[in-house]
Protein chains: 2
Amino acid sequence: MARLGKSSFEFASKPQLISSASFVSEKERTGPLGGDFDVCCKDDTLGLKSWEKAESRMFESAVRLALFKLGRRSEELDCLIGGDLLDQIISSGFAARELRAPFIGLYSACSTITEALMLGGMLMEGGFARLVACAASSHFSSVERQYRFPLEMGTQSTPTAQRTVTGAGCVLLASSDAGERTPVFENAAMTGGTIGTVVDYGVTDASNMGAAMAPAAAHTIKRHLEDTARDPSDFDLILTGDLGRFGTEMLLELLAGEGINIEAVHEDCGKLIFGDDPKTVCGGSGAGCAASVFASHILPKVDAGEYKKVLFLATGALLSPVSSLQGESIPAIAHAVVVEHAGRTERIGNTKRKE
Amino acid sequence: MARLGKSSFEFASKPQLISSASFVSEKERTGPLGGDFDVCCKDDTLGLKSWEKAESRMFESAVRLALFKLGRRSEELDCLIGGDLLDQIISSGFAARELRAPFIGLYSACSTITEALMLGGMLMEGGFARLVACAASSHFSSVERQYRFPLEMGTQSTPTAQRTVTGAGCVLLASSDAGERTPVFENAAMTGGTIGTVVDYGVTDASNMGAAMAPAAAHTIKRHLEDTARDPSDFDLILTGDLGRFGTEMLLELLAGEGINIEAVHEDCGKLIFGDDPKTVCGGSGAGCAASVFASHILPKVDAGEYKKVLFLATGALLSPVSSLQGESIPAIAHAVVVEHAGRTERIGNTKRKE
């Protein structure tokens, strides 16, 4: 049984994270992680007719680039798993049309990348796939006009606001028996995780996503530790998706109330991506935030052994403009995966490249 | 390796379909399948303040009812997998909040129920879950105003239009070692399927979903037959989700062009649910169409042995109002699962009820 406790699991087959890619805009490039991203565009329309089309192209390009690094094409994928924030996940759906790979579309808001990684690992463990692309994207301008206000209105940010990351991130998973001969990363494996449960503390302020999502993150962290009998000190990094500064404070406080202290090992992609830039207020957000930061900033460090064991949980706020207008509070979810520095050198010799 | 050919798979563990439930409105009750549905509501708001809230309650109720038939509660679920058509899948997300089970949110438009079944089976095969609820919903009134026009405008249907089903369907999967002692269905198992690939033939008419989705259905059927070296006659039913009358014609023609004739074994949930009612024009549609028809009309017949082997593929059109306004055509996808009449009596004796 690969299941642990109430909602956690482990991967006996240890799916390998063999390549990744990210595609962001100028704003992210000028942040502290700017040098880590693969592609940065000056014009966030990419010369296309809409931000939505541009976001879809970013999603597609991140997947193509992660494959390109292996000398692979998208047709060789056993499966593409992903999603985004736009209504009917059009960024991912239209990208999947171009990529021509079997496609599993998800909606989990900003928790998409960890939902995708988790499912990708499960498909591998069950023998359903040997090469899977997991990807997620978001775009400041397409999201602002969908969830908030037309950009032309020039509305001011509230003190708890976060800036949606314009970007896409893709991670390629390979089963350890796929025998990829020239992986970008040789020493990163997914060893388990926890399926998120929807949590709602009654927050109704759609400009304070951090507060809405922190309880979901706390719930998943607590459950993961309980299910696996682990302690925060078992990880050298517990990485949340996009809680931002306010949400991070709330997470630490919620966990402290449960007697769990993760302060020494906690980081948040939303805090990392824009650093102290006051214009982003509480930091970055969006499905592309955790995806691009993990793909390009964290994963290489796991591969290099800088991090030995990472609990990565992206957090998603499951609201819609309609649900907010109808007076609903904001439910949230956080799916978690464990990514470890784990050598695969011994397996390379006696396997051969697929096909 | 559980994988077959390019994108098909088989389940060695044969996950059991042990219970199901459906919740529809008066319109569906007066159709030819009316007697099969578990709950039919006269007032499609269920007395709640919005159609969106009602749809979420239908989703939740379908899951609760399928569990109730087993004497189970939602907290006992290892996982809830599902989605719907509303922006940010709020029907499912809010239902998941109430159901308090680990939740995997999907977006695959009207192909959601087969995507959920497929993933549920994969989780089981990998040992990640022993009891999974797969569910999907749609609501005529919430969908009309989101995708088309406010109902108050009283716009007339086009000759290729379909009526969105107001309803939700849930199927409960159990691993064969879960030892459910009192399953509603004892003789229905999922044995395989095919992951859909996005297909787009350039259809831009958002009032003709059947035409947009037929190529995806044809693609998945063809691939399934190729990957598994099967023939249409190996099935006594090939059941599409909601192609409706026009889409069905197109599917048969597309497959005929490939030398595949499924006419003798083909049915479509969208055609079945409203019969010849001229007001529904080409039939039913919506994520709740295939979900409720399969859960309440088809699955009991598989259990009873009326159908021995069913290829069930729900089809989804991956457009959004925004993508249509931006001049995009309509990509579509169809995920398929194989459901077979398969006894489990021999397994019941030596297993015990979970927990």
The lone condition A:SER92 fails out of (1) facing chain B (nearest Cβ under 9 Å); (2) out of contact with any Phe, Trp or Tyr (no Cβ under 7 Å at 6 or more places or on another chain) is (2)
Odd one out for A:THR114, checked against (1) part of a strand (DSSP E or B); (2) more than 7 Å from chain B (Cβ to nearest Cβ)
(1)
Tell me, please, whether a residue that is part of a helix (DSSP H, G or I), closer than 20 Å to A:ILE104 by Cβ and modelled with pLDDT of 95 or more can be found in the stretch B:140-148.
no
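Being hydroxyl-bearing (Ser, Thr, Tyr) and farther than 23 Å from A:GLY93 by Cβ is the filter here; which residues of the stretch A:110-167 pass it?
Selection gives A:THR155, A:SER157, A:THR158, A:THR160.
This table checks each residue for (1) at pLDDT below 95; (2) farther than 27 Å from A:HIS341 by Cβ; (3) of a type in the set (Val, Ile, Thr).
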{"residue": "A:PHE11", "(1), (2), (3)": "no, no, no"}
{"residue": "A:LYS53", "(1), (2), (3)": "no, yes, no"}
{"residue": "A:GLU60", "(1), (2), (3)": "no, yes, no"}
{"residue": "A:VAL63", "(1), (2), (3)": "no, no, yes"}
{"residue": "A:ASP84", "(1), (2), (3)": "no, yes, no"}
{"residue": "A:ILE89", "(1), (2), (3)": "no, yes, yes"}
Failed criterion for B:THR197 (all others in (1) surrounded by fewer than 18 Cβ atoms within 10 Å (Cβ to Cβ); (2) under 22 Å from the mean Cα position of the chain (by Cα); (3) of a type in the set (Ser, Thr, Tyr) hold)
(1)
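Quick grid of which residues meet (1) among the acidic types (Asp, Glu); (2) in the same structural domain as A:CYS134 (by TED's automatic domain parsing); (3) within 18 Å of the chain's Cα centre (by Cα):
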| position | (1), (2), (3) |
| --- | --- |
| A:ALA54 | no, yes, no |
| A:VAL63 | no, yes, yes |
| A:GLY82 | no, yes, yes |
| A:ASP87 | yes, yes, no |
| A:PHE103 | no, yes, yes |
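Being at the interface with chain B (Cβ under 10 Å from one of its Cβ atoms) and at pLDDT 95 or above is true for just one of A:ALA174, A:ALA109, A:ALA135. Which residue is that?
Only one candidate passes the filter, namely A:ALA109.
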Condition test on B:ALA206, is it at pLDDT 95 or above and either at negative phi or not aliphatic (A, V, I, L, M) (or both)?
no
Got a number for residues in the stretch B:155-173 being surrounded by fewer than 24 Cβ atoms within 10 Å (Cβ to Cβ) and under 20 Å from the mean Cα position of the chain (by Cα)?
1
Considering only the stretch B:11-36, how many residues are among the hydroxyl-bearing types (Ser, Thr, Tyr) and either buried (at least 21 other Cβ atoms within 10 Å of the Cβ) or touching a strand residue (DSSP E or B) at 6+ places or on another chain (Cβ under 7 Å) (or both)?
4
Taking the stretch B:18-54, which residues are within 11 Å of chain A (Cβ to nearest Cβ) and of a type in the set (A, V, I, L, M, F, W, C)?
B:LEU48, B:TRP51
Out of all the residues in the stretch B:200-207, is one or more surrounded by fewer than 21 Cβ atoms within 10 Å (Cβ to Cβ), away from chain A (no Cβ under 14 Å) and of a type in the set (A, V, I, L, M, F, W, C)?
no
Residues being touching a residue at least 60 places away in the same chain (Cβ under 8 Å) and either buried (at least 19 other Cβ atoms within 10 Å of the Cβ) or in contact with a Leu (Cβ under 7 Å, 6 or more places away or on another chain) (or both): count how many of those fall in the stretch A:215-236.
11
Number of positions in the stretch A:24-73 that are outside any loop (DSSP other than H, G, I, E, B) and more than 16 Å from A:PRO300 (Cβ to Cβ)
22
Keeping to the stretch B:123-132, report how many residues are facing another protein chain (nearest Cβ under 7 Å) and in a loop (DSSP other than H, G, I, E, B).
4
Any residue in the stretch A:326-342 that is modelled with pLDDT under 95 and away from chain B (no Cβ under 14 Å)?
yes
I need the full set of residues from the stretch A:1-17 which are under 22 Å from the mean Cα position of the chain (by Cα), more than 8 Å from chain B (Cβ to nearest Cβ) and assigned to a strand (DSSP E or B), in order please.
A:SER8, A:GLU10, A:GLN16, A:LEU17
Within the stretch A:273-288, can one find any residue that is over 15 Å from A:ARG163 (Cβ atoms) and assigned to a helix (DSSP H, G or I)?
no
Only one of B:LEU299, B:LEU313 is surrounded by 19 or more Cβ atoms within 10 Å (Cβ to Cβ), within 23 Å of B:GLU28 (Cβ to Cβ) and within 14 Å of chain A (Cβ to nearest Cβ), namely B:LEU313
What are the residue pairs meeting all of these: first residue in the stretch B:293-310, first residue part of a loop (DSSP other than H, G, I, E, B), second residue surrounded by fewer than 24 Cβ atoms within 10 Å (Cβ to Cβ), Cβ atoms under 6 Å, and 6 or more apart or on different chains?
B:GLY305/B:HIS341; B:TYR307/B:ASP236; B:TYR307/B:LEU237; B:TYR307/B:LYS301; B:LYS308/B:ASP236; B:LYS308/B:HIS341
Among the residues of the stretch A:57-74, are any surrounded by 19 or more Cβ atoms within 10 Å (Cβ to Cβ) and within 10 Å of chain B (Cβ to nearest Cβ)?
no
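The values are calculated or read from the model by the stated rules, or taken from the named source; none is laboratory data. Everything quoted here is computed from the prediction, not taken from an experiment. Here Cβ is always computed from backbone atoms with ideal geometry, including for glycine, and neighbour counts include all displayed protein chains.
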